[in-house]
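One structure is given below, encoded as structure tokens.
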Amino acid sequence: MRCDKFLNAVNITKRRAVAEDMLAHQVVFVNNSPVKKSKEIKVGDIIEIRYLERSDKFKVLQIPTTKSTPKSKMDEYVEKL
């Protein structure tokens, strides 16, 4: 699944446009490398989002098969590190 779609599908970002903007400004890293929105996300990848004063890391546990998932199911897809 593409990085921008994944961030939106598992509720890391509220909208896909926000995910695309974050990727364009290179604040999203997968396995310590800045990525473009077309980067394919795989199980086991570590996604890091670097904000101004902090950063959030997530480990991909599984790839969703639907366009969006409920917030209550977020823990099935990513583990916050």
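The values are calculated or read from the model by the stated rules, or taken from the named source; none is laboratory data. Since the structure is predicted, the reported quantities are computational estimates derived from the model, not experimental observations. Every residue, glycine as well, gets a Cβ built from its backbone with ideal geometry; the counts of neighbours run over all protein chains shown.
Looking at A24, A17, A9, which is the one that is exposed (fewer than 12 other Cβ atoms within 10 Å of the Cβ) and either closer than 19 Å to Q62 by Cα or aliphatic (A, V, I, L, M) (or both)?
Result of the check over A24, A17, A9: A17.
So which residues in segment 18-39 are free of Cβ contacts under 8 Å to residues at least 12 places away in the same chain and either part of a strand (DSSP E or B) or touching a helix residue (DSSP H, G or I) at 6+ places or on another chain (Cβ under 9 Å) (or both)? It would help to see each step written out before you state the result.
To start, the set of residues in segment 18-39 that are free of Cβ contacts under 8 Å to residues at least 12 places away in the same chain comprises 18, 21, 25-26, 33-34.
Correct list: V18, S33, P34.
Answer with yes or no whether K59 is charged (D, E, K, R), surrounded by fewer than 17 Cβ atoms within 10 Å (Cβ to Cβ), modelled with pLDDT of 90 or more and not in a loop (DSSP other than H, G, I, E, B). Even if it seems obvious, please write down each step before you answer.
Working: charged (D, E, K, R): yes; surrounded by fewer than 17 Cβ atoms within 10 Å (Cβ to Cβ): yes; modelled with pLDDT of 90 or more: yes; not in a loop (DSSP other than H, G, I, E, B): yes.
When the stated conditions are applied, K59 passes them.
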Notebook entry, point to check: What number of residues within segment 42-56 are within 16 Å of V27 (Cβ to Cβ), surrounded by 14 or more Cβ atoms within 10 Å (Cβ to Cβ) and either charged (D, E, K, R) or in contact (Cβ under 8 Å) with a residue 40 or more places away in the chain (or both)?
Noted result: 3
Note to self: Taking the conditions exactly as written (surrounded by 12 or more Cβ atoms within 10 Å (Cβ to Cβ), modelled with pLDDT of 90 or more and among the charged types (D, E, K, R)), does E79 satisfy them or not?
What the structure shows: no
